[in-house]
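The values are calculated or read from the model by the stated rules, or taken from the named source; none is laboratory data. Not measured: the values here are computed from a predicted model. Counting neighbours? That spans all protein chains shown, and the Cβs are built from the backbone with ideal geometry, glycine included. Remember, those area values only see protein heavy atoms, side chains included, never the ligands or the DNA or RNA. Shrake-Rupley method; radii C 1.70, N 1.55, O 1.52, S 1.80 Å.
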Amino acid sequence: MASGPSRPLRLLGTKIPYVEGPLKVTGRAEYTDDIHRPGELVGRLLRSPWPHARLRSIDVAAARATPGVFAVLTGEKYPTPFGVLPITHDETALAVGKVRYIGDIVAAVAARDERTAEEALAKIRIDVEPLADYPDPQTGLSKVAEPIHARGLNGTNVQKEVVQHFGDVDAAFARAARTVRVRGSFVGVTHAFTEPLVTLAEATPDGRLTVWSATQVPHYLHRSLSEVLGIPMHRIRVIKPEVGGGFGGKSDPLPHEIVCAALAVETGRPVRMLLDREDVFFTNHGRHPTQNDVRIALDADGRILAYDIEAVIDGGAWSSFGTVTTYYNGVLAMGPYTVPNFRYRGRRVYTTKPPSGAMRAHGGTNIRYSVEVALDRLAEETGVDPFDLRARNALPPHSLTVNQFRITSTSFLKCLAVARERSGWDSKFRRLPFGRGVGLGCGFYISGSNSPIHFTPKMPQSTVHLKVDMDGGIAVHSMQADIGQGSNTLLAAIVAEVLGVDLERVHVQRVDSDVSPIDIGSYSSRVTFMMGNAAREAAEELRGKIVAGAAALLGVPAEGLEVGHERIHPVGRPDAGVPFLDALHRAMESTGALQATGAYRSPTLGGTFKGARAGTAPAYTFSAYVAEVDVDVETGEYRVEKIWAAFDCGRVLNRLAVEGQVEGSIHMGLGQLMGESMNYRASRLFNPSLLEYKVPAPQQMPEVEILLVGDDDPEGPFGAKEAGEGPLIATLPAVGNALYDAVGCRFLELPITPDRVLKGLDLRAKEGRRWKGA
């Protein structure tokens, strides 16, 4: 599909306010918890206090006998396993046979009110056989007495192992002029979205089940509801209202959604299940705690010869996206540099902790930090400027990586050049006084996962339907999920751009599986690229029909007409045309309302080796960030003063949205780097609240200068690529490397808290290393 516009763009490329903005700022946007049904019941969950235990019995008789209780469920009623990936269905809506972490759901109640539901939960009696808990993934690499899941590899708790080798890594290291090794350690972090998890379900006498839920992927939820409840998909209706943030944490089908629906089926009454913040933390699916080991070899000319990477990833109790995560922790290290030899071993291990899953820049964040710190060390040891080392190794456009990622467009060298110039790098690097420093970090991420999760039935990854009637309003139907990132606005703007109409004519309809065509949701940075191409195709089909109506009115061939602003006119003669509505009404004379469909299918990409599709994408984004920091060497506290964020997302379609995504990504990256941490004592999570889980405060946010420098991508809609996840990745290493420039200490354990800064300073002093005269 061609990417370039055939005429100057009118809307796209400007700052387009979000179409739902007025509703949100006036409190009138409808979220799941705003929806009410007559006769609603309250759903509540009973969670396990044991990290790992066999369920001997669950006595719910007293709970069921409680006045005002309408249903009590345990795992034996709905034992069918499910999961977001068809190859790893190991989750159950309610625990079956045993519990696998503190927070695993054991039972559920539907009652007339919250107090009655809690009273009933307190009456449930559970008899268990405690089993060994396994909070440390290192323990699970070997055979264990009682694997968390029977599907663990060879009696261990290893959920997935990936081994890949391209080229000859050992030979490359043998001939290297310089090598470096970095061992990174990363705690788990969670999404901390504003809206908690919430679902409303209603089973009606006509045999249908309707589920409203705060989800990023309505289609995956639809599938899982059918699989677990045993109800055909055509009898289930999934509606996605507004979603108050997701960042990956609402992309899996989640147990509470299925339990809520099951309670509605059991009672014949609507059931609402609103999770409190502690429940959200136990549901988790956040970024995996990770230990990685990165070795990089360099030749005498400063060219990268090889990567040799190992990673041990803490998956928590379930698989979730874990198979993909295991691949991504290796293969997403490939860009933005040319790496001729590559070896990776990754192991994702079940532990008796809340499940890890997909979180913004899934799989690419932790490995990028270690790689970028390693490159910074190599630059220092070889006496090469960090910018020059990276520029020397930049991936060229229209190339293949050693593991057969197809690179189309890349403006990585532009990112480096503009970040260097705007930050004043050459006058600051190693020149600022002790305690102040600048650092460079670079990034590379997918613009849409090329391979769909479900291989059957074969269908497009995104479909958009348009309908326009005599009133001239254009209804847009798509199952892409706007979760606050502005995708509804982009969808409307693409349609309006192609048709030449005002944005107010275009009305994006609420996601509803009864009327919305399949789209596989908002994750893997796929929406702009895939939905955008589908929307453009649908709008171009509709434009053809309306232009034909104008041609009939004007008595001229359609080929001689073009679309202007709310008009269709002969090429170069805007005053001689007809209004949009007149052309529309003429086109409707024979068929009534006009309809059009667009779809996107990604090209076949990747090799034929095992795991070849992991990390393949129709395009990739690139970034180069410079951070400037100021460290108080007496307390260890530091402030990120400014970040210069050079990002290649191809053509910018909505500058307002892209800039917001970059700023939000930087805030989230700073959270992981500066203090966010899921703190455990053995398997018990100790800070399941936003009071104790430290998200950066507004005053900790630095000044950000956003530098959007991408060239058009040949396959993206109007030349665009993603901007939702890729902008996060470079933040962490930019700040980590800036701290080194400031105080001469490398920090390989995240988050980098003030006490760790002080420990680094003490260690440097004990080693007798001076830095900038201190």
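Quick notes on this one:
- Residues in segment 281-299 that are among the hydrophobic types (A, V, I, L, M, F, W, C) and open to solvent by less than 10 Å² (accessible area, probe 1.4 Å): Phe281, Val294, Ile296, Ala297, Leu298.
- Entry remark, segment 630-650: residues being within 30 Å of Gly13 (Cβ to Cβ), over 21 Å from the mean Cα position of the chain (by Cα) and not hydrophobic (A, V, I, L, M, F, W, C) number 1 in total.
- Flag for Leu197 being free of Cβ contacts under 8 Å to residues at least 60 places away in the same chain and open to solvent by less than 20 Å² (accessible area, probe 1.4 Å): no
- Hey, Glu566 closer than 18 Å to Glu497 by Cα and either touching a Leu at 6+ places or on another chain (Cβ under 6 Å) or not aromatic (Phe, Trp, Tyr) (or both) or not: yes
- Hits in segment 724-769 (condition: closer than 25 Å to Val652 by Cα and open to solvent by 10 Å² or more (accessible area, probe 1.4 Å)): Gly724, Glu725
- Residue list for segment 558-570, restricted to those being assigned to a loop (DSSP other than H, G, I, E, B) and surrounded by fewer than 16 Cβ atoms within 10 Å (Cβ to Cβ): His565, Glu566
- Residues in segment 462-489 that are open to solvent by 10 Å² or more (accessible area, probe 1.4 Å) and either in contact with a Pro (Cβ under 9 Å, 6 or more places away or on another chain) or outside the structural domain of Pro579 (by TED's automatic domain parsing) (or both): Thr463, His465, His477.
- Of all the numbered requirements in (1) part of a helix (DSSP H, G or I); (2) open to solvent by less than 10 Å² (accessible area, probe 1.4 Å); (3) touching a residue at least 40 places away in the same chain (Cβ under 8 Å), Glu227 misses one, and that requirement is (2).
- Among the candidates Thr621, Thr597, residue that is open to solvent by 10 Å² or more (accessible area, probe 1.4 Å), part of a strand (DSSP E or B), in contact (Cβ under 8 Å) with a residue 60 or more places away in the chain and not charged (D, E, K, R): Thr597
- Checklist (1) at pLDDT below 95; (2) within 20 Å of Ala535 (Cβ to Cβ) applied to Gly607, failing item: (2)
- Counted residues, segment 463-501 - those being under 16 Å from Gln216 (Cα atoms) and among the charged types (D, E, K, R): 1
- Segments classed as helices (runs of 4 or more DSSP H), wholly inside segment 322-415, with at least 3 members that are touching a helix residue (DSSP H, G or I) at 6+ places or on another chain (Cβ under 6 Å) and either open to solvent by less than 10 Å² (accessible area, probe 1.4 Å) or outside the structural domain of Arg681 (by TED's automatic domain parsing) (or both): 365-382, 386-392
- A residue that is surrounded by fewer than 21 Cβ atoms within 10 Å (Cβ to Cβ), over 22 Å from Asn284 (Cβ atoms) and not basic (Lys, Arg) cannot be found anywhere in segment 92-109.
Rundown of residues vs (1) in contact with a Leu (Cβ under 9 Å, 6 or more places away or on another chain); (2) assigned to a loop (DSSP other than H, G, I, E, B); (3) open to solvent by 20 Å² or more (accessible area, probe 1.4 Å); (4) not aliphatic (A, V, I, L, M), yes/no style:
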position: Gly549; (1), (2), (3), (4): yes, no, no, yes
position: Leu553; (1), (2), (3), (4): no, no, yes, no
position: Val556; (1), (2), (3), (4): no, yes, yes, no
position: Gly572; (1), (2), (3), (4): no, yes, yes, yes
position: Ala583; (1), (2), (3), (4): yes, no, no, no
position: Leu605; (1), (2), (3), (4): no, yes, yes, no
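- Residues located in segment 241-268, provided they are of a type in the set (A, V, I, L, M) and open to solvent by 10 Å² or more (accessible area, probe 1.4 Å): Val265
Results for (1) more than 30 Å from Tyr523 (Cα to Cα); (2) in a strand (DSSP E or B); (3) open to solvent by less than 30 Å² (accessible area, probe 1.4 Å), shown as yes or no for each residue.
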| residue | (1), (2), (3) |
| --- | --- |
| Leu12 | no, no, yes |
| Tyr18 | no, no, no |
| Leu23 | no, no, no |
| Asp33 | no, no, no |
| Gly39 | yes, no, no |
| Pro49 | yes, no, no |
| Ala62 | yes, no, no |
| Pro67 | yes, no, no |
| Leu73 | yes, yes, yes |
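- Ala587 being among the aliphatic types (A, V, I, L, M), open to solvent by less than 30 Å² (accessible area, probe 1.4 Å) and not assigned by TED's automatic domain parsing to the domain that holds Val547: no
- Residues of segment 571-624 that turn out to be of a type in the set (Ser, Thr, Tyr) and more than 25 Å from Met334 (Cα to Cα), as a count: 4
- Test: residue in segment 665-679 that is under 30 Å from Thr194 (Cα atoms), touching a His at 6+ places or on another chain (Cβ under 8 Å) and open to solvent by less than 20 Å² (accessible area, probe 1.4 Å): no
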